[in-house]
Amino acid sequence: GQNIDQPTEMTATEGAIVQINCTYQTSGFNGLFWYQQHAGEAPTFLSYNVLDGLEEKGRFSSFLSRSKGYSYLLLKELQMKDSASYLCAYRTNKLIFGTGTLLAVQP
Amino acid sequence: GAVVSQHPSWVICKSGTSVKIECRSLDFQATTMFWYRQFPKQSLMLMATSNEGSKATYEQGVEKDKFLINHASLTLSTLTVTSAHPEDSSFYICSATSRTSGTYEQYFGPGTRLTVT
């Protein structure tokens, strides 16, 4: 099966930090992706983790623990434009997407 | 670099007609192209995977006779929704992987919104 879970919705305040968690179960694993998707648009690539640890890219960081089947996306210094859905996806020979976390950034 | 385009960006068609959606990789050769469908407030569901010059591999539950995929070249794949019905109304997104992409990153097209009346 395609077991990948993330919270449905989150709310955070402008300027704050938010962490979006993702858990997965798979027998084959070739990396974990995070995408951002604004309503009515295609997903845009944020990060890729294949080894354990933290990958930092500007205001966004992504963490992976393969043994725990766990990843998170950390967004710092939140801006209003960060309001979007955030999709985690693990890769086998294809990408398996979670249902997405709708993040609302409030003033 | 790594731009994927889709055409049309939106289309409205009558029930029973067929609609073709094009997906092009503009500045790279795509090893593989993927077709996804996304219903409102839901995540992307993979419909099929296509490699240039070979038959597409469809996911379970996706009718290959209804969703025809042709991957004619390393830069073009088409999805034809045959005999469309209102329940086929959805956001269709293609993506492509580059032969040179070391991260296996998929580059997504902007999507095509199909409305069947």
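The values are calculated or read from the model by the stated rules, or taken from the named source; none is laboratory data. Nothing here was measured: the structure is a model prediction, and the numbers come from that model. Every residue, glycine among them, receives a Cβ derived from its backbone with ideal geometry; neighbour counts consider all protein chains shown. Accessible surface is based on the protein model in full, side chains and every heavy atom, while ligands, DNA and RNA are left aside. Shrake-Rupley method; radii C 1.70, N 1.55, O 1.52, S 1.80 Å.
Remarks
- Breaking point among (1) open to solvent by 60 Å² or more (accessible area, probe 1.4 Å); (2) in contact with a strand residue (DSSP E or B) (Cβ under 7 Å, 6 or more places away or on another chain); (3) more than 14 Å from chain B (Cβ to nearest Cβ), for A:Gly58: (2)
- Complete set of residues in segment B:1-38 that are aromatic (Phe, Trp, Tyr) and modelled with pLDDT under 90: B:Phe28
- The listed residue being free of Cβ contacts under 8 Å to residues at least 12 places away in the same chain, within 11 Å of chain B (Cβ to nearest Cβ) and in contact with a strand residue (DSSP E or B) (Cβ under 8 Å, 6 or more places away or on another chain), out of A:Gly40, A:Gly31: A:Gly40
- Per the conditions (1) closer than 22 Å to A:Leu32 by Cβ; (2) part of a loop (DSSP other than H, G, I, E, B); (3) under 13 Å from the mean Cα position of the chain (by Cα), the sole criterion not satisfied by B:Pro110 is (1).
- Against the test of being open to solvent by less than 70 Å² (accessible area, probe 1.4 Å), assigned to a loop (DSSP other than H, G, I, E, B), hydroxyl-bearing (Ser, Thr, Tyr) and within 13 Å of chain A (Cβ to nearest Cβ), the options B:Ser50, B:Ser43, B:Ser5, B:Ser15 yield a single qualifying residue, B:Ser43.
- Looking only at residues in segment A:67-95 that are within 14 Å of the chain's Cα centre (by Cα) and open to solvent by 10 Å² or more (accessible area, probe 1.4 Å), the one that is nearest to the other protein chains (Cβ to nearest Cβ) is A:Arg91.
- Yes/no for B:Val62 being assigned to a strand (DSSP E or B) and surrounded by fewer than 18 Cβ atoms within 10 Å (Cβ to Cβ): no
- Residues that are in contact with a strand residue (DSSP E or B) (Cβ under 8 Å, 6 or more places away or on another chain) and open to solvent by 70 Å² or more (accessible area, probe 1.4 Å) were ranked within segment B:25-39; the one that is farthest from the other protein chains (Cβ to nearest Cβ) is B:Gln29.
- Residue check, A:Leu64 within 14 Å of another protein chain (Cβ to nearest Cβ), open to solvent by 10 Å² or more (accessible area, probe 1.4 Å) and modelled with pLDDT of 90 or more: no
- Residues in segment B:65-96 that are of a type in the set (A, V, I, L, M), open to solvent by 30 Å² or more (accessible area, probe 1.4 Å) and assigned to a loop (DSSP other than H, G, I, E, B): B:Leu74 only.
- Top-ranked residue in segment B:102-117 [being out of contact with any Pro (no Cβ under 9 Å at 6 or more places or on another chain), within 7 Å of chain A (Cβ to nearest Cβ) and open to solvent by 10 Å² or more (accessible area, probe 1.4 Å); ranked as modelled with the highest pLDDT]: B:Pro110
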